[in-house]
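The values are calculated or read from the model by the stated rules, or taken from the named source; none is laboratory data. Values in this document were obtained by computation on a predicted structure and should not be read as measured data. Positions of Cβ are backbone-derived with ideal geometry, glycine not excepted, and every protein chain shown enters the neighbour counts. For accessibility, only protein heavy atoms count, side chains too; no ligands or nucleic acids. Shrake-Rupley method; radii C 1.70, N 1.55, O 1.52, S 1.80 Å.
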Amino acid sequence: MENLEQARQWLAGATSLAVLTGAGVSAESGIPTFRGADGLWKDFKPEELATPEAFARDPRLVWEWYNWRRELIRKAQPNPAHRALVKLEIKIAHFTLITQNVDGLHDLAGSGKILKLHGDIWRMRCTACGANWPDRRAPLPKLPPHCACGGLARPGVVWFGESLPEGMMKEAEHAAASAAVFLVIGTSAVVYPAAGLVPFAKHAGAKVIEINTEPSAVSGIVDCALHGPAGEILPQLL
Ligand code: BV8
Ligand code: ZN
């Protein structure tokens, strides 16, 4: 049976669906992915920027990168992939969206139940008093930004070497373990513990469907691989 038809059938019969998205789901909104040819990392290496050490060494440089990304993201709109996930959430009784993305486009598209494994670029946290607040200004008036207490503010995201928000993986694993179908979309599946959710879901008995323009690190274990842009394929699965 043709893969698309197989995926459609599994989704049509599913009463529980968990979805894991990565940067590829925002690619058609004009946001460069991390590891692609025009990727965000091309001029830098992750260890140069998305780490607490880089921030401690040069908060202004790290904030210039996040300021640039916030301006890029502010101009971006959700694409048909984001919107198709909202339709699936309405259609399927038990639905959890797990995202590695920090761009907030799933929220903008209207997704409800979102587990943001790596945080949110539109939130800030104070390195001094721990306050945590939303800030949607792009560009920021002053770099690096500071908290009302005078402390240095950092982006509300999870950097390499930092653990995910308390309880986040437990909730994501619960969703993956109770899903009849696990949809993994637009991720190279090289970042852990997020990528570990795919084998986790498979071993718990889910049918795993992947949507990606290229093979990923988990393509070898999925039950159905759909090759192509998420913005074109996802709407065909509804
Ligand atoms: C932790 C937030 C421990 C910031 C991000 C071995 C060596 C060294 C380190 C490690 C290791 N094993 C594990 C680690 C730790 C590390 C890690 O996994 N490193 C990797 C690189 C090896 N993990 C961590 O540090 C994590 N924390 O492990 O804590 C710990 C435990 C206890 C106590 C203390 C510590 C934290 C990881 C979080 C890092 N933060 N982002 C920010 O965004 O600025 S990660 C970053 O990568 C983004 O979140 C991004 O989402 C994520 C994954 O990338 P992808 O989303 O997959 O994007 P990518 O470009 O790679 O791929 C895009 C895909 O889309 C491609 O497959 C492409 O083909 C496809 N695509 C493109 N266009 C389309 C498309 N698909 C469909 N349609 C299209 N149109
Ligand atoms: Zn503060």
Flagged in the stretch 73-89 as free of Cβ contacts under 8 Å to residues at least 60 places away in the same chain and open to solvent by less than 10 Å² (accessible area, probe 1.4 Å), in numbering order, are A76, H82
Looking at the stretch 1-60, which of its residues are open to solvent by 40 Å² or more (accessible area, probe 1.4 Å), more than 30 Å from G151 (Cα to Cα) and in a helix (DSSP H, G or I)?
-> N3, E5, Q6, R8, Q9, W10, A12, A27, E28
How do the pairs read when you match residues in the stretch 28-45 that are at pLDDT 70 or above with residues anywhere that are more than 10 Å from ligand 1 (Cβ to nearest atom) and β-branched (V, I, T), using Cβ under 9 Å and keeping only pairs 6 or more apart or on different chains?
-> S29/I73; I31/I73
Among K207, K202, which is the only one that is touching a residue at least 60 places away in the same chain (Cβ under 8 Å), away from ligand 1 (no atom under 14 Å from the Cβ), open to solvent by 40 Å² or more (accessible area, probe 1.4 Å) and assigned by TED's automatic domain parsing to the domain that holds I114?
-> K207
Scanning the stretch 165-193 residue by residue, the ones that are under 21 Å from T96 (Cβ atoms), within 15 Å of ligand 1 (Cβ to nearest atom) and surrounded by fewer than 18 Cβ atoms within 10 Å (Cβ to Cβ) total 6
Restricting attention to the stretch 102-130, report how many residues are on the phi > 0 side of the Ramachandran plot and either touching a residue at least 60 places away in the same chain (Cβ under 8 Å) or within 13 Å of ligand 1 (Cβ to nearest atom) (or both).
-> 2
Of I98, I92, the only residue that is open to solvent by less than 10 Å² (accessible area, probe 1.4 Å) and within 16 Å of V191 (Cβ to Cβ) is I98
The number of residues in the stretch 223-238 that are touching a Phe, Trp or Tyr at 6+ places or on another chain (Cβ under 9 Å) and of a type in the set (D, E, K, R) is 1
Could we say that P32 is more than 28 Å from L226 (Cβ to Cβ) and out of contact with any Phe, Trp or Tyr (no Cβ under 7 Å at 6 or more places or on another chain) here?
-> no
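Quick grid of which residues meet (1) open to solvent by 40 Å² or more (accessible area, probe 1.4 Å); (2) more than 15 Å from ligand 2 (Cβ to nearest atom):
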| site | (1), (2) |
| --- | --- |
| A128 | yes, no |
| A138 | no, yes |
| L143 | no, yes |
| G151 | no, no |
